[in-house]
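Engineer: The structure that follows is given in the form of C-alpha coordinates.
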Amino acid sequence: MSTNASIKAFQESQEFIPGGVNSPVRAFKSVGGTPLFISEGEGAYLKDIDGNKYVDFVQSWGPLIFGHRDESIEAAVIEAVQHGLSFGAPTVAETELAKLVVSFFDSIDKVRFVSSGTEAVMSAIRLARGFRGRDDIVKFIGCYHGHSDALLVEAGSGAATFGNPSSPGVPEDFTKHTLLAEYNNIESVKKCFADSKNIACVIIEPIAGNMGLIPADKEFLHELRKLCDANDTLLIFDEVMSGFRGSINGAESITGVTPDIVTLGKVIGGGMPVGAFGARAEIMAQLSPNGPVYQAGTLSGNPVAMAAGYAALTKLKQNARVMSVLEARAKRLLSGMQEAAEKEGIVMQIDVRGSMFGFFFNENPVKNFADATKSDAELFAKFHAGMLAEGFYFACSLYETGFISTATTDEMVEQTIDAASRVFKAIKNA
Ligand SMILES: *Cc1c(COP(=O)(O)O)cnc(C)c1O
(Lines give C-alpha, C1' and ligand atoms only; values in the text may rest on other atoms or scores of the structure.)
Protein backbone atom coordinates (compact mmCIF):
# COMPACT_ATOMS: atom_id res chain seq x y z
CA MET A 1 0.00 0.00 0.00
CA SER A 2 1.59 3.27 -1.08
CA THR A 3 0.72 6.55 0.58
CA ASN A 4 3.24 8.63 -1.35
CA ALA A 5 0.68 11.11 -2.64
CA SER A 6 -0.58 11.74 0.90
CA ILE A 7 2.97 12.20 2.18
CA LYS A 8 3.63 14.74 -0.54
CA ALA A 9 0.31 16.53 0.01
CA PHE A 10 1.05 16.73 3.73
CA GLN A 11 4.47 18.28 3.09
CA GLU A 12 2.85 20.94 0.95
CA SER A 13 -0.09 21.62 3.26
CA GLN A 14 2.33 22.21 6.13
CA GLU A 15 3.86 25.07 4.21
CA PHE A 16 0.59 26.95 4.04
CA ILE A 17 -1.57 25.65 6.88
CA PRO A 18 -0.30 25.37 10.49
CA GLY A 19 0.54 21.72 11.02
CA GLY A 20 -0.95 21.05 7.62
CA VAL A 21 -4.47 20.66 9.03
CA ASN A 22 -7.49 22.77 9.94
CA SER A 23 -8.29 20.83 13.11
CA PRO A 24 -5.38 19.43 15.15
CA VAL A 25 -6.43 15.81 15.72
CA ARG A 26 -6.38 15.20 11.96
CA ALA A 27 -2.57 15.45 11.96
CA PHE A 28 -2.10 11.85 13.27
CA LYS A 29 0.33 13.22 15.88
CA SER A 30 -0.59 10.78 18.62
CA VAL A 31 -0.26 7.70 16.41
CA GLY A 32 2.67 8.87 14.30
CA GLY A 33 2.82 8.63 10.54
CA THR A 34 1.21 10.84 7.95
CA PRO A 35 -2.46 11.74 7.76
CA LEU A 36 -4.19 10.38 4.70
CA PHE A 37 -5.51 12.94 2.26
CA ILE A 38 -8.97 11.95 1.18
CA SER A 39 -10.31 12.26 -2.33
CA GLU A 40 -13.80 10.88 -1.84
CA GLY A 41 -16.21 8.89 0.25
CA GLU A 42 -18.82 6.38 -0.83
CA GLY A 43 -21.13 4.66 1.64
CA ALA A 44 -18.94 3.07 4.32
CA TYR A 45 -15.74 3.69 2.38
CA LEU A 46 -13.14 6.43 2.22
CA LYS A 47 -10.69 6.69 -0.65
CA ASP A 48 -7.34 8.48 -0.27
CA ILE A 49 -5.48 10.32 -3.02
CA ASP A 50 -3.21 7.30 -3.59
CA GLY A 51 -6.33 5.32 -4.50
CA ASN A 52 -6.41 3.20 -1.30
CA LYS A 53 -9.82 2.31 0.06
CA TYR A 54 -10.75 2.05 3.73
CA VAL A 55 -13.80 1.09 5.77
CA ASP A 56 -14.43 4.35 7.60
CA PHE A 57 -15.14 4.19 11.35
CA VAL A 58 -14.63 7.95 11.82
CA GLN A 59 -17.33 9.31 9.53
CA SER A 60 -16.18 12.89 9.72
CA TRP A 61 -16.03 12.47 13.54
CA GLY A 62 -19.69 11.57 13.84
CA PRO A 63 -21.99 13.46 11.46
CA LEU A 64 -22.35 10.83 8.72
CA ILE A 65 -24.70 8.33 10.34
CA PHE A 66 -25.91 7.28 6.88
CA GLY A 67 -22.40 7.04 5.49
CA HIS A 68 -20.85 9.05 2.67
CA ARG A 69 -22.95 10.39 -0.16
CA ASP A 70 -26.29 9.31 1.21
CA GLU A 71 -28.69 9.73 -1.69
CA SER A 72 -31.46 11.66 0.05
CA ILE A 73 -29.10 14.06 1.81
CA GLU A 74 -27.15 14.68 -1.38
CA ALA A 75 -30.36 15.32 -3.36
CA ALA A 76 -31.66 17.73 -0.69
CA VAL A 77 -28.40 19.70 -0.72
CA ILE A 78 -28.34 19.97 -4.53
CA GLU A 79 -31.97 21.09 -4.56
CA ALA A 80 -31.25 23.77 -1.94
CA VAL A 81 -28.12 25.01 -3.70
CA GLN A 82 -30.16 25.70 -6.82
CA HIS A 83 -32.24 28.24 -4.91
CA GLY A 84 -29.32 30.20 -3.47
CA LEU A 85 -26.63 29.59 -0.87
CA SER A 86 -27.64 32.08 1.79
CA PHE A 87 -30.08 34.95 2.28
CA GLY A 88 -29.51 36.28 5.78
CA ALA A 89 -33.29 36.29 6.10
CA PRO A 90 -35.71 33.71 7.54
CA THR A 91 -36.55 30.64 5.48
CA VAL A 92 -39.22 27.98 5.99
CA ALA A 93 -36.44 25.37 6.02
CA GLU A 94 -35.30 26.62 9.44
CA THR A 95 -38.75 26.16 10.97
CA GLU A 96 -39.01 22.71 9.44
CA LEU A 97 -35.73 21.54 10.95
CA ALA A 98 -36.58 23.22 14.28
CA LYS A 99 -39.92 21.36 14.40
CA LEU A 100 -38.16 18.11 13.74
CA VAL A 101 -35.55 18.67 16.45
CA VAL A 102 -38.24 19.64 18.96
CA SER A 103 -40.13 16.45 18.10
CA PHE A 104 -37.14 14.30 19.07
CA PHE A 105 -36.38 15.90 22.46
CA ASP A 106 -38.87 16.11 25.34
CA SER A 107 -36.71 18.77 27.00
CA ILE A 108 -36.70 21.13 24.02
CA ASP A 109 -39.55 23.57 23.21
CA LYS A 110 -37.50 25.90 21.05
CA VAL A 111 -34.17 25.65 19.33
CA ARG A 112 -31.70 28.04 17.75
CA PHE A 113 -29.31 27.04 14.98
CA VAL A 114 -25.66 28.03 14.70
CA SER A 115 -22.81 26.75 12.52
CA SER A 116 -20.73 24.57 14.86
CA GLY A 117 -20.82 22.66 18.11
CA THR A 118 -18.38 25.14 19.63
CA GLU A 119 -20.79 27.98 18.92
CA ALA A 120 -23.75 26.01 20.25
CA VAL A 121 -22.08 25.34 23.60
CA MET A 122 -20.63 28.83 23.93
CA SER A 123 -24.10 30.29 23.36
CA ALA A 124 -25.79 27.80 25.70
CA ILE A 125 -23.40 28.77 28.51
CA ARG A 126 -24.12 32.46 27.94
CA LEU A 127 -27.83 31.73 27.99
CA ALA A 128 -27.53 29.77 31.24
CA ARG A 129 -25.53 32.55 32.86
CA GLY A 130 -27.96 35.18 31.64
CA PHE A 131 -30.98 33.19 32.78
CA ARG A 132 -29.59 32.51 36.24
CA GLY A 133 -27.71 35.78 36.68
CA ARG A 134 -24.63 33.91 37.91
CA ASP A 135 -21.08 33.59 36.54
CA ASP A 136 -19.59 30.24 37.56
CA ILE A 137 -19.92 27.03 35.58
CA VAL A 138 -18.94 23.44 36.35
CA LYS A 139 -17.38 21.22 33.72
CA PHE A 140 -15.96 17.72 33.94
CA ILE A 141 -12.31 16.84 33.39
CA GLY A 142 -11.94 15.11 30.01
CA CYS A 143 -15.22 16.41 28.57
CA TYR A 144 -14.80 18.50 25.43
CA HIS A 145 -17.22 21.29 24.68
CA GLY A 146 -15.56 22.98 21.74
CA HIS A 147 -12.65 25.38 21.74
CA SER A 148 -14.12 28.53 23.30
CA ASP A 149 -12.00 30.11 26.04
CA ALA A 150 -13.97 29.31 29.17
CA LEU A 151 -14.36 25.66 28.20
CA LEU A 152 -10.83 24.92 27.11
CA VAL A 153 -9.88 23.60 30.52
CA GLU A 154 -8.94 19.95 30.99
CA ALA A 155 -10.76 19.35 27.74
CA GLY A 156 -10.01 15.81 26.57
CA SER A 157 -9.73 14.74 22.95
CA GLY A 158 -7.37 16.81 20.77
CA ALA A 159 -6.38 18.82 23.81
CA ALA A 160 -5.62 15.63 25.74
CA THR A 161 -3.73 14.10 22.87
CA PHE A 162 -1.38 17.03 22.80
CA GLY A 163 -1.06 17.34 26.55
CA ASN A 164 -2.34 20.92 26.56
CA PRO A 165 -5.38 20.68 28.79
CA SER A 166 -5.57 24.44 28.68
CA SER A 167 -4.12 26.55 25.95
CA PRO A 168 -1.83 29.57 25.83
CA GLY A 169 -3.88 32.52 24.67
CA VAL A 170 -6.67 31.86 27.16
CA PRO A 171 -6.35 34.46 29.93
CA GLU A 172 -6.64 33.04 33.43
CA ASP A 173 -9.36 35.59 34.08
CA PHE A 174 -11.48 33.87 31.42
CA THR A 175 -11.34 30.46 33.06
CA LYS A 176 -11.53 31.46 36.71
CA HIS A 177 -15.29 30.94 36.59
CA THR A 178 -14.87 27.38 35.31
CA LEU A 179 -14.91 24.87 38.16
CA LEU A 180 -13.72 21.33 37.47
CA ALA A 181 -15.25 18.09 38.64
CA GLU A 182 -14.43 14.45 38.00
CA TYR A 183 -16.66 12.45 35.65
CA ASN A 184 -18.86 9.86 37.39
CA ASN A 185 -17.83 11.22 40.80
CA ILE A 186 -20.69 13.03 42.53
CA GLU A 187 -18.58 13.98 45.56
CA SER A 188 -16.39 16.12 43.30
CA VAL A 189 -19.50 18.00 42.13
CA LYS A 190 -20.67 18.50 45.71
CA LYS A 191 -17.30 20.06 46.41
CA CYS A 192 -17.86 22.58 43.59
CA PHE A 193 -21.21 23.55 45.09
CA ALA A 194 -19.57 23.88 48.50
CA ASP A 195 -16.89 26.14 46.98
CA SER A 196 -19.28 28.42 45.08
CA LYS A 197 -22.80 29.77 45.54
CA ASN A 198 -22.55 31.40 42.13
CA ILE A 199 -22.92 28.38 39.81
CA ALA A 200 -25.13 29.12 36.80
CA CYS A 201 -24.87 25.71 35.19
CA VAL A 202 -23.23 22.31 35.12
CA ILE A 203 -22.31 21.12 31.65
CA ILE A 204 -21.69 17.48 30.87
CA GLU A 205 -21.42 15.09 27.96
CA PRO A 206 -23.97 12.53 29.23
CA ILE A 207 -22.25 10.02 26.97
CA ALA A 208 -18.68 11.30 26.97
CA GLY A 209 -17.02 10.78 23.61
CA ASN A 210 -13.94 12.95 23.81
CA MET A 211 -11.88 10.96 26.30
CA GLY A 212 -12.67 7.77 24.45
CA LEU A 213 -16.23 6.60 24.96
CA ILE A 214 -17.22 6.80 28.64
CA PRO A 215 -20.95 6.91 29.32
CA ALA A 216 -22.02 8.54 32.57
CA ASP A 217 -23.53 6.17 35.12
CA LYS A 218 -27.28 6.57 35.36
CA GLU A 219 -27.26 7.02 39.14
CA PHE A 220 -24.55 9.65 38.80
CA LEU A 221 -26.69 11.66 36.38
CA HIS A 222 -29.72 11.38 38.67
CA GLU A 223 -27.64 12.64 41.60
CA LEU A 224 -26.32 15.44 39.41
CA ARG A 225 -29.86 16.50 38.50
CA LYS A 226 -30.79 16.57 42.20
CA LEU A 227 -27.76 18.67 43.09
CA CYS A 228 -28.53 21.14 40.32
CA ASP A 229 -32.15 21.44 41.45
CA ALA A 230 -31.15 21.94 45.08
CA ASN A 231 -28.85 24.79 44.01
CA ASP A 232 -31.08 26.42 41.37
CA THR A 233 -28.44 25.57 38.80
CA LEU A 234 -29.15 24.63 35.19
CA LEU A 235 -28.02 21.28 33.82
CA ILE A 236 -26.70 21.32 30.25
CA PHE A 237 -26.35 18.10 28.28
CA ASP A 238 -23.75 18.59 25.58
CA GLU A 239 -25.00 16.17 22.96
CA VAL A 240 -23.07 17.62 20.04
CA MET A 241 -21.62 14.15 19.54
CA SER A 242 -24.11 11.83 21.25
CA GLY A 243 -27.23 13.52 19.84
CA PHE A 244 -28.84 11.16 17.27
CA ARG A 245 -25.88 8.81 17.82
CA GLY A 246 -26.25 7.43 21.36
CA SER A 247 -30.02 7.46 21.04
CA ILE A 248 -32.60 8.99 18.71
CA ASN A 249 -34.34 10.90 21.49
CA GLY A 250 -31.33 12.12 23.39
CA ALA A 251 -29.53 10.81 26.46
CA GLU A 252 -32.58 11.96 28.43
CA SER A 253 -34.57 9.10 26.89
CA ILE A 254 -32.15 6.42 28.04
CA THR A 255 -31.18 7.87 31.43
CA GLY A 256 -34.48 9.34 32.59
CA VAL A 257 -32.65 12.54 33.50
CA THR A 258 -34.03 15.71 31.93
CA PRO A 259 -31.55 18.48 31.17
CA ASP A 260 -32.44 22.18 31.12
CA ILE A 261 -30.50 22.95 27.95
CA VAL A 262 -29.29 20.59 25.21
CA THR A 263 -26.54 21.38 22.70
CA LEU A 264 -26.41 19.59 19.36
CA GLY A 265 -24.13 19.41 16.33
CA LYS A 266 -22.53 16.80 14.06
CA VAL A 267 -25.44 14.50 12.95
CA ILE A 268 -27.90 17.42 13.08
CA GLY A 269 -26.23 18.90 9.98
CA GLY A 270 -26.05 15.65 8.01
CA GLY A 271 -22.45 16.53 7.08
CA MET A 272 -22.95 20.29 6.70
CA PRO A 273 -21.88 22.75 9.42
CA VAL A 274 -24.83 22.98 11.83
CA GLY A 275 -24.96 23.32 15.59
CA ALA A 276 -27.96 24.01 17.77
CA PHE A 277 -29.02 24.65 21.33
CA GLY A 278 -32.49 24.17 22.70
CA ALA A 279 -34.38 24.35 25.97
CA ARG A 280 -37.85 24.90 27.41
CA ALA A 281 -39.62 28.07 26.28
CA GLU A 282 -39.00 29.97 29.51
CA ILE A 283 -35.23 29.69 29.09
CA MET A 284 -35.17 30.32 25.32
CA ALA A 285 -37.27 33.47 25.90
CA GLN A 286 -34.13 35.08 27.37
CA LEU A 287 -32.46 35.04 23.95
CA SER A 288 -32.26 38.07 21.72
CA PRO A 289 -34.45 39.40 20.04
CA ASN A 290 -37.06 38.33 22.66
CA GLY A 291 -34.77 38.69 25.64
CA PRO A 292 -31.53 40.37 26.68
CA VAL A 293 -29.03 37.53 26.04
CA TYR A 294 -27.30 38.30 22.76
CA GLN A 295 -26.46 35.66 20.19
CA ALA A 296 -26.25 35.88 16.37
CA GLY A 297 -24.69 34.47 13.19
CA THR A 298 -24.45 35.62 9.56
CA LEU A 299 -24.71 32.10 8.16
CA SER A 300 -26.77 30.59 11.01
CA GLY A 301 -29.60 28.45 9.70
CA ASN A 302 -28.38 28.79 6.14
CA PRO A 303 -30.65 26.96 3.69
CA VAL A 304 -28.14 24.42 2.36
CA ALA A 305 -27.14 23.27 5.84
CA MET A 306 -30.78 23.18 6.93
CA ALA A 307 -31.66 21.01 3.94
CA ALA A 308 -28.92 18.51 4.76
CA GLY A 309 -29.94 18.37 8.42
CA TYR A 310 -33.60 18.02 7.56
CA ALA A 311 -32.93 15.15 5.17
CA ALA A 312 -30.77 13.34 7.76
CA LEU A 313 -33.18 13.75 10.66
CA THR A 314 -36.20 12.87 8.50
CA LYS A 315 -34.51 9.63 7.61
CA LEU A 316 -33.88 8.93 11.30
CA LYS A 317 -37.50 9.75 12.12
CA GLN A 318 -38.74 7.34 9.48
CA ASN A 319 -36.37 4.57 10.61
CA ALA A 320 -36.67 4.83 14.38
CA ARG A 321 -35.39 1.26 14.76
CA VAL A 322 -32.18 2.03 12.94
CA MET A 323 -30.38 2.77 16.21
CA SER A 324 -30.92 -0.73 17.59
CA VAL A 325 -29.64 -2.25 14.34
CA LEU A 326 -26.53 -0.06 14.49
CA GLU A 327 -26.07 -0.83 18.17
CA ALA A 328 -26.19 -4.58 17.56
CA ARG A 329 -23.64 -4.23 14.78
CA ALA A 330 -21.34 -2.08 16.92
CA LYS A 331 -21.61 -4.58 19.79
CA ARG A 332 -20.66 -7.45 17.49
CA LEU A 333 -17.67 -5.45 16.20
CA LEU A 334 -16.40 -4.62 19.67
CA SER A 335 -16.94 -8.03 21.25
CA GLY A 336 -15.29 -9.63 18.20
CA MET A 337 -12.27 -7.35 18.49
CA GLN A 338 -12.10 -7.94 22.24
CA GLU A 339 -12.09 -11.70 21.72
CA ALA A 340 -9.36 -11.39 19.11
CA ALA A 341 -7.30 -9.29 21.54
CA GLU A 342 -7.82 -11.76 24.39
CA LYS A 343 -6.49 -14.60 22.25
CA GLU A 344 -3.20 -12.73 22.15
CA GLY A 345 -3.32 -11.92 25.84
CA ILE A 346 -4.29 -8.27 25.29
CA VAL A 347 -6.88 -6.81 27.64
CA MET A 348 -9.36 -4.48 25.99
CA GLN A 349 -12.15 -2.49 27.69
CA ILE A 350 -15.08 -1.96 25.32
CA ASP A 351 -18.30 0.03 25.31
CA VAL A 352 -21.13 0.78 22.88
CA ARG A 353 -23.95 3.33 22.95
CA GLY A 354 -26.16 3.27 19.88
CA SER A 355 -23.90 3.81 16.88
CA MET A 356 -20.96 5.00 19.04
CA PHE A 357 -18.22 2.65 20.15
CA GLY A 358 -15.07 2.92 22.21
CA PHE A 359 -12.23 0.75 23.43
CA PHE A 360 -9.23 1.11 25.69
CA PHE A 361 -6.16 -1.08 25.98
CA ASN A 362 -6.44 -0.99 29.72
CA GLU A 363 -6.43 -3.64 32.45
CA ASN A 364 -9.18 -1.88 34.40
CA PRO A 365 -12.65 -0.46 33.69
CA VAL A 366 -12.52 3.19 32.58
CA LYS A 367 -14.87 5.56 34.38
CA ASN A 368 -13.17 8.93 34.03
CA PHE A 369 -10.34 10.77 32.32
CA ALA A 370 -7.70 9.72 34.85
CA ASP A 371 -8.58 6.06 34.15
CA ALA A 372 -8.44 6.70 30.39
CA THR A 373 -4.93 8.15 30.57
CA LYS A 374 -3.69 4.86 32.06
CA SER A 375 -4.42 3.12 28.74
CA ASP A 376 -1.60 1.76 26.58
CA ALA A 377 -1.04 4.52 24.01
CA GLU A 378 1.81 2.68 22.30
CA LEU A 379 -0.32 -0.40 21.73
CA PHE A 380 -3.09 1.81 20.41
CA ALA A 381 -0.70 3.41 17.89
CA LYS A 382 0.40 -0.04 16.68
CA PHE A 383 -3.21 -1.19 16.42
CA HIS A 384 -4.15 1.96 14.49
CA ALA A 385 -1.29 1.60 12.00
CA GLY A 386 -1.95 -2.12 11.55
CA MET A 387 -5.65 -1.62 10.88
CA LEU A 388 -4.94 1.21 8.45
CA ALA A 389 -2.60 -1.05 6.47
CA GLU A 390 -5.43 -3.64 6.41
CA GLY A 391 -7.83 -1.02 5.01
CA PHE A 392 -9.73 0.00 8.16
CA TYR A 393 -9.79 3.66 9.13
CA PHE A 394 -10.10 4.16 12.90
CA ALA A 395 -9.85 7.49 14.73
CA CYS A 396 -6.20 8.45 15.10
CA SER A 397 -6.30 8.97 18.88
CA LEU A 398 -7.19 6.70 21.76
CA TYR A 399 -9.26 9.57 23.18
CA GLU A 400 -11.77 9.49 20.34
CA THR A 401 -14.99 7.58 19.73
CA GLY A 402 -15.67 5.30 16.77
CA PHE A 403 -18.85 5.31 14.70
CA ILE A 404 -20.91 2.75 12.77
CA SER A 405 -23.06 4.00 9.88
CA THR A 406 -26.00 2.38 8.15
CA ALA A 407 -23.62 1.74 5.23
CA THR A 408 -21.37 -0.41 7.46
CA THR A 409 -22.53 -3.96 6.73
CA ASP A 410 -22.36 -7.08 8.90
CA GLU A 411 -19.85 -8.43 6.41
CA MET A 412 -17.58 -5.42 6.88
CA VAL A 413 -17.83 -5.91 10.63
CA GLU A 414 -16.63 -9.52 10.28
CA GLN A 415 -13.82 -8.40 7.96
CA THR A 416 -12.77 -5.84 10.56
CA ILE A 417 -12.66 -8.48 13.28
CA ASP A 418 -10.57 -10.80 11.08
CA ALA A 419 -8.16 -7.96 10.34
CA ALA A 420 -7.95 -7.10 14.04
CA SER A 421 -7.00 -10.76 14.77
CA ARG A 422 -4.14 -10.53 12.31
CA VAL A 423 -3.03 -7.16 13.67
CA PHE A 424 -3.04 -8.30 17.31
CA LYS A 425 -1.12 -11.43 16.36
CA ALA A 426 1.49 -9.40 14.48
CA ILE A 427 1.84 -7.01 17.41
CA LYS A 428 2.40 -9.92 19.81
CA ASN A 429 4.90 -11.64 17.51
CA ALA A 430 6.87 -8.49 16.73
C1 LIG B 1 -17.43 18.00 18.51
C2 LIG B 1 -17.91 18.48 19.82
C3 LIG B 1 -18.03 19.85 20.12
C4 LIG B 1 -17.55 20.92 19.20
O5 LIG B 1 -18.21 20.91 17.98
P6 LIG B 1 -17.49 21.60 16.70
O7 LIG B 1 -18.53 21.49 15.63
O8 LIG B 1 -16.26 20.81 16.44
O9 LIG B 1 -17.20 23.00 17.07
C10 LIG B 1 -18.60 20.21 21.32
N11 LIG B 1 -19.03 19.28 22.19
C12 LIG B 1 -18.91 17.96 21.95
C13 LIG B 1 -19.42 17.00 22.96
C14 LIG B 1 -18.33 17.51 20.77
O15 LIG B 1 -18.19 16.21 20.57
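Engineer: Can you tell me the accessible area per residue over the stretch 71-318, all protein chains present, probe 1.4 angstrom, in square angstrom? Mind dumping the intermediate values first?
Structural biologist: On the way: 9790 Å² over 248 residues.
Each residue of the stretch 71-318 exposes 39 Å² on average to a 1.4 Å probe.
Engineer: From the helices alone, meaning DSSP H stretches of at least four residues, give me the mean residue ellipticity at 222 nm for the chain, per-run term -39500 (n - 2.57), in deg cm²/dmol to the nearest 500.
Structural biologist: -12000 deg cm²/dmol
Engineer: Also, quick follow-up: Work out which GluC sites (Glu not before Pro) in the chain are exposed loop sites (DSSP not H, G, I, E or B, at most 16 other Cβ within 10 Å) and give the longest gap free of them.
Structural biologist: By the stated rule (loop sites, at most 16 other Cβ atoms within 10 Å), 1-343.
Engineer: Another one. Can you check what the net charge comes to around Leu316, using other residues whose Cβ is under 12 Å from the Cβ of Leu316 (Lys, Arg +1; Asp, Glu -1)?
Structural biologist: Surrounding charge for Leu316 is +3.
Engineer: Note down the relative contact order for the chain as a percent, whole number, built from C-alpha pairs under 8 angstrom at least six residues apart.
Structural biologist: So the answer I get is 22 percent.
Engineer: Based on the Cα gyration tensor of the stretch 71-318, what are the three equivalent ellipsoid semi-axes, each the root of five times an eigenvalue, rounded to whole Å and given largest first?
Structural biologist: Working: eigenvalues 176, 68, 65 Å².
Computed over the stretch 71-318, the values are 30, 18, 18 Å.
Engineer: What percent does the relative contact order of the stretch 71-318 come to when contacts are Cα pairs within less than 8 Å and at least six residues apart?
Structural biologist: Worked out over the stretch 71-318, it gives 30 percent.
Engineer: Ok, one more. Most fluctuating residue of Asn249, Asn364, Asn210 in a GNM of the chain with Cα springs under 10 Å: which is it?
Structural biologist: Top of the fluctuation ranking is Asn364.
Engineer: Using the eigenvalues of the Cα gyration tensor, what equivalent ellipsoid semi-axes result for the stretch 135-280 when each is taken as the square root of five times the eigenvalue, whole Å, largest first? Could you put the intermediate results ahead of the total?
Structural biologist: Values: eigenvalues 91, 81, 39 Å².
The three semi-axes for the stretch 135-280 are 21, 20, 14 Å.
Engineer: Which order do peptides 273-279, 141-147, 22-28 fall in by mean Cβ count within 10 Å, highest first?
Structural biologist: The peptides rank, most packed first, as 273-279, 141-147, 22-28.
Engineer: If you plug each phi of the stretch 351-358 into the Karplus form 6.51 cos²θ - 1.76 cosθ + 1.60 with θ = phi - 60°, what whole-Hz ³J(HN,Hα) values come out, in order, with x for Gly and Pro?
Structural biologist: Along the stretch 351-358, the couplings run 8, 9, 9, x, 9, 9, 9, x Hz.
Engineer: In addition: Mind checking which of Ser188, Ser242, Ser300 has the largest fluctuation in a GNM of the chain, springs on alpha carbons under 10 Å?
Structural biologist: Result for the chain, Cα springs under 10 Å: Ser188 fluctuates most.
Engineer: Where does the charge balance sit around Ala281 when Lys and Arg score +1, Asp and Glu -1, over other residues with C-beta under 10 Å from its C-beta?
Structural biologist: In short, 0.
Engineer: What are the trypsin sites (Lys or Arg not before Pro) within the stretch 267-363 that DSSP puts in a loop, where the Cβ has at most 16 other Cβ atoms within 10 Å?
Structural biologist: Here the trypsin sites (Lys or Arg not before Pro) that fit, given the DSSP loop and packing criteria, are Arg280, Arg321.
Engineer: Follow-up question, since we're still on this one. Kirkwood hydrodynamic radius of the stretch 296-430 from all distinct Cα pairs, in Å?
Structural biologist: Radius from the Kirkwood sum: 16.6 Å.
Engineer: Here is a further query. Whole-Hz ³J(HN,Hα) for each residue in the stretch 421-430, computed from phi via Karplus 6.51 cos²θ - 1.76 cosθ + 1.60 with θ = phi - 60°, x for glycine and proline: what do you get?
Structural biologist: My calculation for the stretch 421-430 gives 4, 5, 5, 4, 4, 4, 4, 5, 8, 5 Hz in order.
Engineer: Now for a separate question. Regarding the chain, what's the average projected area of the Cα-atom convex hull, expressed in nm²?
Structural biologist: 20.1 nm²
Engineer: Could you pull out the trypsin sites (Lys or Arg not before Pro) across the stretch 180-257 that fall in loop regions by DSSP (anything but H, G, I, E, B) with no more than 12 other Cβ atoms inside 10 Å?
Structural biologist: Of the trypsin sites (Lys or Arg not before Pro), the ones in loops of the stretch 180-257 whose Cβ has at most 12 other Cβ atoms within 10 Å are Lys197.
Engineer: Leaving out ligands and nucleic acids, note down the accessible area per residue over the stretch 320-411 with a 1.4 angstrom probe, in whole Å².
Structural biologist: With the other protein chains kept in place, the stretch 320-411 gives 41 Å² per residue.
Engineer: Sequence neighbours fewer than 8 away in the same chain don't count; with that in mind, list the lysines whose C-alpha is under 18 Å from Lys374.
Structural biologist: Lys382
Engineer: Turning to a different aspect of this structure: Using the Karplus curve 6.51 cos²θ - 1.76 cosθ + 1.60 with θ = phi - 60°, work out ³J(HN,Hα) for each residue of the stretch 37-45 in order, rounded to whole Hz, and write x for Gly and Pro.
Structural biologist: 3J(HN,Hα) across the stretch 37-45, in whole Hz: 8, 9, 9, 6, x, 8, x, 7, 9.
Engineer: Measure nothing but the geometry: give the 0 to 90° angle between the long axis through the Cα atoms of 186-195 and the longest principal axis through the Cα atoms of the chain, rounded to 10°.
Structural biologist: 40 degrees
Engineer: Shifting gears a bit: Run the accessible area of the chain with a 1.4 Å probe and give the carbon-and-sulfur part as a rounded percent.
Structural biologist: 50 percent
The values are calculated or read from the model by the stated rules, or taken from the named source; none is laboratory data. The shown structure was predicted, so the numbers you read here are calculated from the model rather than taken from an experiment. Cβ: placed from backbone, ideal geometry, glycine included. Neighbour counts: every protein chain shown. Side chains included, ligands, DNA and RNA excluded: accessible areas come from the protein's heavy atoms. Shrake-Rupley method; radii C 1.70, N 1.55, O 1.52, S 1.80 Å.
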